[in-house]
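Peer 1: Sharing a structure with you now.
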Amino acid sequence: MSDLKWWQKTNVYQIYPKSFLDTTGSGTGDLNGITAKLDYLKTLGTGAVWLTPVYPSPMVDNGYDIADFTDIDPAYGSMADMERLVAEARRRDIRIVMDLVYNHTSDKHPWFVDSASSRDSEHSDWYIWRDARPDGTPPTNWRSIFGGSAWTWCEKRQQYYLHTFAKAQPDLNWENPAVRRVLYEAANFWLDKGVGGFRIDAIVYIKKPAQFVDGEPDSDDGMVNIHSMIANTPGILDLLHEFKAAVFAGHDIFTVAEANGVAPADLPSWVGPEGVFDMLFEFSHMNLEFPTGELWSQATGYTPDIIPRLQEVLFASQQATAEQGWYPVFFENHDQMRCVRHFFPDEADRALTAKVMAVLLLTLRGTPFIYEGQELGLDNVAWDSIAAYNDISSHGQYELARAEGRSQAEALAIVNRYSRDNARTPMQWTTGKNAGFSTGLPWLPVHDDFAAACVESETAAADSVLNFYRRLVALRYDSSVAEILQQGSFAPLLTGDDSIIAFKRSLGNRHVYTLLNFSGRQQTYSLPELQGAELLLGNMAGGSLGRLRPWEAVIYTQKWVK
Ligand code: NOJ
């Protein structure tokens with residue numbers, strides 16, 4: 001029937017293990033909690049679960065600072081728990097996808113500890129070391145992505161080391177073949193355990209430029225975001241092809257790489273048969289509020305013009321992946337605010353808008369990625385003190401905003417909107433204590449909306465966001481239009497409209513139409529080919545052709561369009 005691969009015909013569900021389900025009372029989630037919820041995940045059309053890192057880690061960046069690439073952090077369980085998770089998932093036709101964080105390690109990784117101990121150590125050349133400038137200052141004016149200099153001084157070596165992210169995350173030296181070899185071995189270790197694929201972290205930073213030079217400052221601190229200095233350095237693809245040959249090639253898995261800043265024109269060298277990965281997470285649709293880079297203080301906040309721009313970049317990605325590669329559709333992850341806040345004004349109806357995003361997610365062409373809690377329509381949190389935030393980047397960005405002269409209240413408002421903790425609060429299972437997440441003290445506070453927005457109450461409420469997701473899943477994978485939604489081509493519609501996002505999926509002479517009103521006002525449109533179409537699903541009762549009520553989402557089907 002179709003030549004799509006298994007991962008092109010399923011949803012991927014992303015889990016932030018620390019926040020998913022705690023089975024021990026420790027206050028942090030664990031692998032057994034994930035195993036316990038596999039049947040729940042199945043109701044969401046899940047064929048793969050992407051786990052953010054579960055390796056041993058000091059948790060400075062919640063697991064993205066790894067101290068051992070081939071073990072499990074005891075806080076999450078044991079290797080036996082992991083093997084059981086992989087096996088139980090397989091029994092349900094779900095594959096486990098691991099996160100490979102290969103740009104950096106933890107500063108507590110034995111390799112770094114050794115590297116930092118002396119210039120003559122065995123691992124001396126495994127990280128990126130440079131001498132100070134004559135006045136003792138760092139070699140360049142690069143700002144790390146989490147704020148502050150990207151260089152940290154090491155007393156023992158009398159040198160600086162480079163870190164694209166936190167100082168506890170030193171960058172590995174990918175020019176060293178010994179480094180590459182152990183990284184490939186670690187990935188193969190997980191393939192031998194039966195994992196179904198990899199999400200590859202921050203991969204655009206692995207190749208560093210031959211010369212390290214200062215950049216034009218982009219803020220009052222005199223520094224420049226390291227991203228603009230090192231991302232996608234020429235030569236990176238040679239390293240990645242070696243990685244592919246040593247690890248991914250020949251396996252029935254999928255790879256999705258976090259690749260901020262790869263232009264659509266460059267896609268063919270990154271994805272598809274001639275490229276390296278199966279899919280790329282690129283962020284053109286997620287960074288619309290960041291016209292000047294990644295500084296939260298310079299973001300615009302929500303403005304209605306975000307919608308035509310969202311349409312433009314999404315459609316460009318759909319078209320770029322029409323022939324080459326495959327698109328991972330996502331509107332949330334563990335680094336982003338909740339999508340009901342992201343793409344709608346504050347006064348918008350949360351349940352209706354969560355359903356608008358659900359329709360977009362599940363009717364575009366590509367593999368839909370659902371982030372934990374998105375299926376409940378969860379909203380951002382807004383804590384009243386910076387001290388309440390755990391996320392390391394929230395603290396860095398708060399400091400930067402303060403250094404730019406903003407008041408505490410202004411800096412906090414910025415953090416409230418963009419903090420990664422918005423997506424990291426514990427998963428909401430029941431109306432009981434701690435939303436059923438833990439019997440202990442949760443590592444991060446549970447959102448106070450949990451009684452209304454949890455799996456228990458949303459399962460019971462017929463028109464909940466969760467049940468709407470399940471109807472969409474049935475439409476996409478088990479209905480008369482399932483083939484169209486999975487395999488059909490994509491064509492944009494109503495592109496001149498500033499409030500509506502609309503498109504058509506087609507297979508032969510069968511079509512599915514998605515029409516979404518991203519505004520709080522009624523919108524009218526003219527689409528003659530919809531005459532006589534059948535309404536398949538909508539986020540409101542009733543509805544009529546040619547008109548969309550505020551925040552209305554509809555899916556139609558039609559045959560025989562000339
Ligand atoms: C991207 C990850 O998604 C994020 O959570 C992490 O902080 C950085 N990479 C550093 O690994």
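The values are calculated or read from the model by the stated rules, or taken from the named source; none is laboratory data. Keep in mind it's a predicted model, so treat the numbers as computed, not measured. All Cβ positions, even for glycine, are placed from backbone atoms using ideal geometry, and neighbour counts span all protein chains on display.
Peer 1: Taking A452 as meeting all but one of (1) under 22 Å from the mean Cα position of the chain (by Cα); (2) without any contact (Cβ under 8 Å) to a residue 40 or more places away in the chain; (3) assigned by TED's automatic domain parsing to the domain that holds K18, write down the number of the exception.
Peer 2: Single failed check for A452: (1).
Peer 1: May I pose another question? Going by what's in this entry, would A231 be described as surrounded by fewer than 21 Cβ atoms within 10 Å (Cβ to Cβ), touching a residue at least 12 places away in the same chain (Cβ under 8 Å) and under 24 Å from R95 (Cβ atoms)?
Peer 2: Criteria not met by A231.
Peer 1: Check K244 against each of (1) modelled with pLDDT of 95 or more; (2) more than 23 Å from the chain's Cα centre (by Cα); (3) of a type in the set (D, E, K, R) and name the one condition it does not meet.
Peer 2: (2)
Peer 1: Residue check: is S284 surrounded by 15 or more Cβ atoms within 10 Å (Cβ to Cβ), in the same structural domain as L360 (by TED's automatic domain parsing) and assigned to a loop (DSSP other than H, G, I, E, B)?
Peer 2: On the way: surrounded by 15 or more Cβ atoms within 10 Å (Cβ to Cβ): yes; in the same structural domain as L360 (by TED's automatic domain parsing): yes; assigned to a loop (DSSP other than H, G, I, E, B): yes.
Judged against the criteria, S284 is a match.
Residue-wise test of (1) modelled with pLDDT of 95 or more; (2) of a type in the set (S, T, Y); (3) touching a Cys at 6+ places or on another chain (Cβ under 9 Å).
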| residue | (1), (2), (3) |
| --- | --- |
| W151 | yes, no, no |
| Y160 | yes, yes, yes |
| D201 | yes, no, no |
| F212 | yes, no, no |
| D218 | no, no, no |
| I230 | yes, no, no |
| T233 | yes, yes, no |
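Peer 1: Ok, one more. Select, from I386, I392, the only residue that is over 20 Å from the mean Cα position of the chain (by Cα), surrounded by 16 or more Cβ atoms within 10 Å (Cβ to Cβ), modelled with pLDDT of 95 or more and over 21 Å from A502 (Cα atoms).
Peer 2: Going through I386, I392 in turn, just one is over 20 Å from the mean Cα position of the chain (by Cα), surrounded by 16 or more Cβ atoms within 10 Å (Cβ to Cβ), modelled with pLDDT of 95 or more and over 21 Å from A502 (Cα atoms): I386.
Peer 1: Suppose we filter region 104-116 for residues that are in a loop (DSSP other than H, G, I, E, B) and either surrounded by fewer than 22 Cβ atoms within 10 Å (Cβ to Cβ) or of a type outside the set (G, A, S) (or both); how many remain?
Peer 2: Count: 4.
Peer 1: So, one more: Hey, can you tell me all the residues within region 145-161 that are more than 14 Å from the ligand (Cβ to nearest atom) and either part of a strand (DSSP E or B) or under 27 Å from W296 (Cα atoms) (or both)?
Peer 2: Listed by number, the residues that qualify are G148, S149, W151, T152, W153, C154, Q159, Y160, Y161.
Peer 1: Still on this structure: Any idea how many residues of region 117-144 are within 16 Å of the ligand (Cβ to nearest atom), closer than 20 Å to G215 by Cβ and either over 34 Å from the mean Cα position of the chain (by Cα) or outside any loop (DSSP other than H, G, I, E, B) (or both)?
Peer 2: 2
Peer 1: Also, I was wondering about something else. Could you say which residue among R84, R90, R119, R130 is surrounded by fewer than 15 Cβ atoms within 10 Å (Cβ to Cβ) and either in contact with a helix residue (DSSP H, G or I) (Cβ under 6 Å, 6 or more places away or on another chain) or in the same structural domain as N32 (by TED's automatic domain parsing) (or both)? Explain how you work it out, then say what you get.
Peer 2: Numbers: R84 fails: surrounded by fewer than 15 Cβ atoms within 10 Å (Cβ to Cβ); R119 fails: either in contact with a helix residue (DSSP H, G or I) (Cβ under 6 Å, 6 or more places away or on another chain) or in the same structural domain as N32 (by TED's automatic domain parsing) (or both); R130 fails: either in contact with a helix residue (DSSP H, G or I) (Cβ under 6 Å, 6 or more places away or on another chain) or in the same structural domain as N32 (by TED's automatic domain parsing) (or both).
Within the list R84, R90, R119, R130, the selection yields R90.
Peer 1: Out of (1) within 28 Å of W383 (Cβ to Cβ); (2) out of contact with any helix residue (DSSP H, G or I) (no Cβ under 8 Å at 6 or more places or on another chain); (3) touching a residue at least 40 places away in the same chain (Cβ under 8 Å); (4) in a helix (DSSP H, G or I), the odd one out for S457 is which?
Peer 2: It fails just one condition, (3).
Peer 1: If you don't mind, there's one more thing I want to ask. Within region 168-182, which residues are within 16 Å of the ligand (Cβ to nearest atom) and within 21 Å of P209 (Cβ to Cβ)?
Peer 2: Once the filter is applied, which keeps residues that are within 16 Å of the ligand (Cβ to nearest atom) and within 21 Å of P209 (Cβ to Cβ), region 168-182 yields Q169, P170, D171, L172, W174.
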